[in-house]
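Participant: Okay, here's the structure, questions in a sec.
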């Protein structure tokens, strides 16, 4: 069991002992710290909240809402919703912030509080640290009886979110309708079931949904990866569908499956959508350092420049704003399309992808084969307390000093079109090692080589 307190929010497993797991006490403490900081900052005392369908979601939602009201903050409760829907609702409601109750791709025993600012964007590292400091100090003043916050429930925001997507110039509704795509959706027993099918139906698709019960009892590991989507592959084949789509429980990550039951590749969700956007909106692209090189290739082919940010949505967004990128995101299937909002959004990703597919005019497998093919290997090394990671990184930089390097977030070393990215995990005592090459074997060999280098450095 676990409780992880970080600058991006608080997450943990439900039950157990306060301070060690995500208990009601911890939920109240961190919600109160967020709310108190919001009040101290002078932001409007109004917060939008929403949740995915986790078993613990209703309990946590009640605690969050009551705590905010106790601080004198009014609550707009979207209840069952998606992360991007809550994010968009914050500025639309002219609220001071938002709280999303979701542990994203983590299993059902987990839940989390994800904090947003008044723009509906994730908090900066500095703001997140302020919340942690307030929670640790316990120095929080609650409202008196005459100043309690109000409570309002709104159930129509997903429909509003879909309307905003359909109105986007690059979402070619008529072209998609003309194709009449048959799409199988794996909704993983969460709010994808009440958001993605209505969007696809509005686009004229024939929609088949699996794992459609919105009960938080995930039918499989909820991370939308190849090994977890066997049922989706089987259904795409048996239905003779044009493609499959899978989302995570809070609908900010999106993965596609080709008509032949093969994964399009989670890393290639952003590649395909960016290819389409750049055809119509010239500009630079942004992804994090651990995302596939294919986005850089597609961007340069379009005559534009690709930029790599530190890992984390808030860092990708900051870089996108800096270079005025019309499209960006993360290789985990996270599409950030500023024309709609600055946040990962599986719904807008699906609409843009289908628009691209409609104009492409060939099956999904053909589209995938039109892009450079890279394979990623993801590994890790356990950290010990006496390990001087900074020193190891310095020695690796010296060893590979003739290769292009990036130290924005850990250490990334490039070898022509292959690369290695090493970084300290924000949530676990490990070094994450991501490598990419043109084959699985070569990517694994790169990972084994750098792990061997690290072992030699540790031994001295």
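Read-outs: derived from the displayed coordinates by stated rules, not from any lab. Note that the structure is predicted; figures quoted are calculated from it, not measured. Reconstructed Cβ throughout: ideal geometry from the backbone, glycine too, with neighbour counts over all protein chains shown.
Participant: Run through every distinct alpha carbon pair of the range 300-399 and return the Kirkwood hydrodynamic radius in angstroms, one decimal place. Kindly include the intermediate steps, with their values, before the conclusion.
Facilitator: On the way: mean 1/r = 0.0590 Å⁻¹.
Over the range 300-399, the inverse of the mean reciprocal pair distance is 16.9 Å.
Participant: With N set to the number of residues, divide the alpha-carbon radius of gyration of the chain by 2.2 N^0.38 Å and report two decimals.
Facilitator: Values: Rg = 22.1 Å, N = 460, 2.2 N^0.38 = 22.6 Å.
Cα Rg divided by the expected 2.2 N^0.38 Å: 0.98.
Participant: Pairwise over distinct Cα atoms, reciprocal of the mean inverse distance: report the Kirkwood radius of the range 237-319 in Å, one decimal place. Please report the intermediate quantities before stating the final value.
Facilitator: Details: mean 1/r = 0.0713 Å⁻¹.
Result for the range 237-319 stands at 14.0 Å.
Participant: Sorted by mean Cβ packing within 10 Å, highest first, what order do the peptides 416-424, 126-134 take? Mind dumping the intermediate values first?
Facilitator: Numbers: 416-424: 19.1, 126-134: 16.8.
By packing density, highest mean first, the sequence is 416-424, 126-134.
Participant: Also: Semi-axes of the equivalent ellipsoid of the range 375-459: what are they in whole Å, largest first, if each equals the square root of 5 times a C-alpha gyration tensor eigenvalue?
Facilitator: Values: eigenvalues 76, 43, 28 Å².
Output for the range 375-459: semi-axes of 20, 15, 12 Å.
Participant: Suppose each label sits 7 Å from its Cα in the direction of the beta carbon; what would the residue 459-residue 440 distance come out to in nanometres?
Facilitator: Here the answer is 3.0 nm between the modelled labels.
Participant: May I pose another question? So for the chain: antiparallel DSSP bridges make up what percent, rounded to the nearest 5? Don't skip to the end; give the middle numbers.
Facilitator: Numbers: 43 of 74 bridges.
Within the chain, antiparallel bridges account for around 60 percent of the total.
Participant: Separation of the range 69-110 and the range 199-241 by C-alpha centroid, Å?
Facilitator: 25
Participant: Quick check on the range 3-155: what are the equivalent-ellipsoid semi-axes from the Cα gyration tensor, as sqrt(5λ), descending, whole Å? Write out the running numbers ahead of the final one.
Facilitator: Working: eigenvalues 81, 64, 44 Å².
Over the Cα atoms of the range 3-155, the ellipsoid semi-axes are 20, 18, 15 Å.
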